[in-house]
Each structure stands twice: as structure tokens, then as C-alpha cells.
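Okay, so here's the structure we're looking at.
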Amino acid sequence: MTSTDIAIIGSGINALVAGAMLAKSGKRVVVFEREPVAGGCMRSEHLAEGVTYDPLATTFVLWVTGAAHAALGADLARHGVEFCATDTPTGVVLPDGRALVYKTDRAANTAAFNAASAGDGTQLAADLDAFGGDAELIFGLMGGDPWSKSTAKVLAKEGWRRKPRGLAATMGGALQSMRGWLETSFDSDLTRALWAPWCLHAGLGPEAAFSGQMGQIIGFALEAAGAPIVKGGSANFVRGLVAIIEDHGGAVRTSSEVVEITVSAGKATGLRLGSGEEIYASKLLASVTPDQLYNRLAPTPAKSDDLRKYQYGKGNFQLHYLLNGPVRWKTAGLETVQLLHLTPGLDGVSKAGNEAERGMLPDVPTICVGQPCAADPSRAPDGQSVLWLQMPEAPRHIKGDARGEIEAPADGRWTEALREAYADRIEAILATHIEQFADSIVTRRAISPADLEGYNMNLVGGDPYGGACSLNQFFLWRPFADTVRHGTGIENLYHIGASTHPGPGLSGGSGYLTAKELGA
């Protein structure tokens, strides 16, 4: 039987971060991935010869501002990983063509928001300054180990500085919804529209608790670091992490599906592959959903009630284009915006999200348009452009169409015909904002929520966040109310990934925290 110090199931960002850090610390590490390529949601493919796109995850702002980057950034750079960004990370354009952009420049943002409505920019600056004053506390709770001495020290320090009532007030204020923040801070519908869609990228709706705080966190991070992508595609980031593991004697085995975690007397002892091969390991890390872990890999009847209550969020719909020529926006000044939202505004985001929650295809979906060539021209040959689109409000199980045009299948499942019909709806909206859009299309590729799950079994129903990010499934309650760190109740077995604290996003947070716990 083959043996190793650390066996890691899955090869998404958390798995590879943990593997890289533990390998650097001298541990023997082997990562097992069921798919032919490593990376989980981080992959790159070709729309045509010489045209690279990231079908799933693409923006690394949480990585470049996080602790895992501080630990591994120099090693990644040594392996050729380079991040690219423009000075305009995000923006919004409304159906009438009015637009607002957000830059990595506080003075420019303040002026632009004040131009949209007198006082909006001044209030933006005040809100971000106030968040900056709370940043140590908020980031410490969001990204740190909630059960650690360091977190206890942060809380004690802040309790001493603010006094107990002041600390409670700060924590209570952080629960404000996106709608609550936007409607009390900004008067302009345009200003509100710029921020409203960003809660969707945190797996929340604009009425959800904590979504307003997430808006401020995102605004703070985008202003500080932009919206970086990996030069040449996200797959280069994966290659860099794999190289770090291999540099230190570890291995990443693809096409190697783990079918069982072996447990004896309450202790995990290793794993068994679909081929029948058995691996002994001193410690195991599983970057999977709770259902995969406790139902399939290590059946745990005691978790059945927790699994029954665990909820997954809305699905994502992706759409990718190769275009001839540049993107000819009808509204000036949008050419270098990396993540541009097309939305009717705050109420439009709320409406589309509610429709998707109820199993309906949204009438007017919120469209996030990524322009990777603006930051990384190597993604396409001269004279061509790539567009990366994400619609964060797609039903996992389809009950109907909010517009009443597309017939829902009897079984509620996504089909190729339904996928392309919904892509047509999105394309029609896009065409109202881009000159001669239809004539410029070379290639279109749509990816439904069902296709996303086909890419990665952790994306249940196309949910890219490993489960709903509602407050009862977040922070120290992720995935379950009685969860402590990344323990599983089975000795030597650790649960990491988007379904665990600190949640989804390309930060590598759970992999980092677990690696540190294991001595990296």
C-alpha cells in the first residue's frame, strides 16, 4: 500500500494552496483529482486557435489581497504566474445607456459619484473610510480561524478599544443589507446600481443580512487591488501551484477519483481510488461538498440531519464570446472596465434574484461582462476580442420563465435547447449596448448550471459557492452550526473548500487555515 503524510481530495484553489504550503513545510503531499485536469473552477480553454478564455472563475482580487498570496506569491512568480489589471475594475450601464465606472483612485471615484448625485461621492468616501477603521476586525473575523487565540485577541483588543457596547454596535451594523446600505447612503439610481450586483458575487441577494457589508468589502478591495486576472489564463495559476507541490516532492494525480475514505475506530487512515488502489495517509483533507464527504466518501449517519438542512444557492450561467474587432460600446468610457454590470438597477437585481430563487428564468437577468483583453491582450490575436459573461441568477431547477417565452421542461432540467434560448435573451440585451454586436460574433459558448456541475461535481446545480451563503451557513457556522474549524468529527480528516469557513472565492482561505493548523 502506498503511503503519504497528506492526502488531499480535489484540486481546487483550497486544495492546491494547502498542498503547496504543506509540501513546502516538508510534508509528503499527494493531491487526487477525478477530472483529467487539475484546478477545479480554475481552468482555461480555447474558443478558437490562439484564443484563451476562462470558462469558470477568472478574477483574483481575493487572492492578491489575502494571506495565501502572501505565503505563496513569490513562489508563483518564480513559476511565471503574473497578474494583470486595468485601473477600472468595475462599472455599470443602465438600459438607457447611462453609465458609471469605479477606478483604483479614491479621488476619481469620489468625483464621479458626486457628479452622479451631489453628496454621493462624499458619502462613498466616508463609508469606505469607516470600513477601513473596522477592516482589522472584519477581515480578522472573515478570514481568520474563528476559534483561534489570534481571533480572541482581535476581539479582546477591539472590545477594549470600542467598549463592549461599541463592539456590539459595530457587529450589528455589519449585518446591514445591500439595499439598506445603498438606500441610506446614496441618492442616485446610478450609484446604487453600480454596487447592487456585487452582492451576487458573494452568493447573497440585496435584501440579505451582511450583503451591505460585503459591498463595502468589495469596494475597498477593488479600489486597492483592481480586478486582476492571470496573464495567459487561470490555468497558469493552477500550473504554478502544482509546480510548487512538485518542487517539494509532492504529486498531483489527475483522473484519480477517490471513492472512499477509509476509517478505523473513528480515525481516517487513508483512501481508496476507483481503480482499487489504496493509499495510506496520516492526514486527509477533502475539498468537497458536505454531501460528498458525509454521504459518499465517509458515510456519517450522525450528520444526516445537518445534511438535510444544508442548502445550496442559485445557479450560475456563463456565456463567452469571440468577437472580430474591439468591443464597440455605445456608451463612451467602458472599454477598459474589467467587470461591467448590465442591470436595470437595485430593484432589477432584487427582481431577477427573486425570480431565480423561485425557479424562474429571470425576465431581465443581471449580466456581468468581463473584458479580459482589456487587461491581458494575449488572450486573443490582434483584431479580436473575448467577452466573459456571468449571470449569477439562474435557477438550479427550472419551474418556468418569468417572461413567459421559454417553455420549461417537465423535469425542470436544463437542456441544450433551453440553454441556447436563454443565451439568446442575454445576447439581445448585450446587443442594445454594443454597436454591430451580432455582426462581430465569431464564436459563442453558453454554459448552463447543469454544464457547470458537469465541469465540477462540487458545483451542485450550478451553485459556484459550495452552498448558500446565508448567515446561518457562514462564518463559524459553515457548513454546520456545530462545526469547529475544519474538523469533521473523524480524527485526521479535515474538510476544506467553498463549503467551509471562510467560504467561497479565489482566496484559498480554508486551504491556508488548515495548512497552518497542520504545521505549515
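The values are calculated or read from the model by the stated rules, or taken from the named source; none is laboratory data. Quick caveat: nothing in here was measured; it's all calculated off a predicted structure. Because the Cβ atoms are built from the backbone with ideal geometry, glycine has one as well, and the counts that use them run over all protein chains shown. Surface areas here come from the heavy atoms of the whole protein model, side chains and all, with no ligands, DNA or RNA. Shrake-Rupley method; radii C 1.70, N 1.55, O 1.52, S 1.80 Å.
Brief remarks on what is shown
- Computed from label points 7 Å out along Cα-Cβ, the spacing between Arg445 and Leu155 is 4.6 nm.
- Classified by the C-alpha gyration tensor, the stretch 94-233 has a prolate form. Its axis ratio a/c, with a ≥ b ≥ c, is 1.5 or above, and a/b is larger than b/c.
- Contact order normalised by residue count of the stretch 46-128, Cα under 8 Å, 6+ apart, percent: 13 percent
- Derived scalar couplings ³J(HN,Hα) [the stretch 395-408; Karplus, 6.51 cos²θ - 1.76 cosθ + 1.60; whole Hz; x for Gly, Pro]: x, 6, 10, 8, 9, x, 10, 4, 8, x, 9, 9, 6, 7
- Volume per residue that the Cα convex hull of the chain spans, once the total is divided by residue count, Å³: 146 Å³
- Whole-Hz couplings from phi, Karplus 6.51/-1.76/1.60, listed for the stretch 201-211; x for Gly and Pro: 6, 9, x, 10, x, x, 9, 6, 4, 6, 5
- Protection proxy ranking, highest mean first, for peptides 442-455, 331-344: 331-344, 442-455, where packing is the per-residue count of other beta-carbon atoms within 10 Å, averaged.
- Estimated FRET transfer efficiency when R0 is 45 angstrom, pair Lys267-Glu357 (beta carbons, to 0.05): 0.65
- Antiparallel bridge percentage (DSSP; both residues within the chain; nearest 5): 65 percent
- Other residues lying with their Cβ under 13 Å from the Cβ of Ser287 contribute a combined charge of -1, Lys and Arg counting +1, Asp and Glu -1.
- By accessible area with a 1.4 Å probe, ligands and nucleic acids excluded, highest first: order of Arg413, Arg28, Arg192, Arg485: Arg413, Arg28, Arg485, Arg192
- Each part reduced to its alpha carbon centroid, the stretch 228-254 and the stretch 379-394 end up 23 Å apart.
- Average Cα contact separation per residue, the chain, under 8 Å, 6 or more apart, as relative contact order %: 24 percent
- For the chain, calculated [θ]222 nm from helices alone, where every DSSP H run of n ≥ 4 adds -39500 (n - 2.57): -11000 deg cm²/dmol
- Classification of the stretch 377-469 by its C-alpha gyration tensor yields an oblate form. The axis ratio a/c (a ≥ b ≥ c) is 1.5 or more, and b/c is at least a/b.
- Where labels lie 7 Å past Cα in the beta-carbon direction, separation of Asp482 and Glu136 in nm: 3.6 nm
- Using a Förster distance of 45 Å, the FRET efficiency for Ala111-Glu257 (Cβ separation, nearest 0.05): 0.25
- Rg(Cα)/(2.2 N^0.38 Å) for the stretch 326-437, N = residue count: 1.17
- Net +/- balance of residues flanking Arg239 in space, Cβ distance below 14 Å, scoring K and R +1, D and E -1: -3
- Taken along the Cα-to-beta-carbon direction at a fixed 7 Å, the label points for Glu49 and Glu277 span 3.6 nm.
- Most to least accessible of Asp189, Asp127 (protein chains only, probe 1.4 Å): Asp189, Asp127
- With a Förster radius of 56 Å applied to the beta-carbon distance between Ala77 and Gln311, the computed FRET efficiency rounds to 0.90.
- Remark: the Cα gyration tensor places the stretch 3-75 in the oblate category, a/c being 1.5 or greater and a/b not exceeding b/c.
- Filter on Lys24/Lys283; Lys103/Lys231; Lys27/Lys231; Lys149/Lys309; Lys27/Lys157 - keep pairs with C-alpha separation over 27 Å: Lys27/Lys231; Lys149/Lys309; Lys27/Lys157
- Whole-angstrom gap from the stretch 494-520 to the stretch 322-365, using each part's C-alpha centre: 32 Å
- Of the residues Val51, Val30, ranked by 1.4 Å probe accessible area with the largest first, the sequence reads Val30, Val51.
- Separation between Cα centres of the stretch 177-206 and the stretch 63-132, rounded to whole Å: 15 Å
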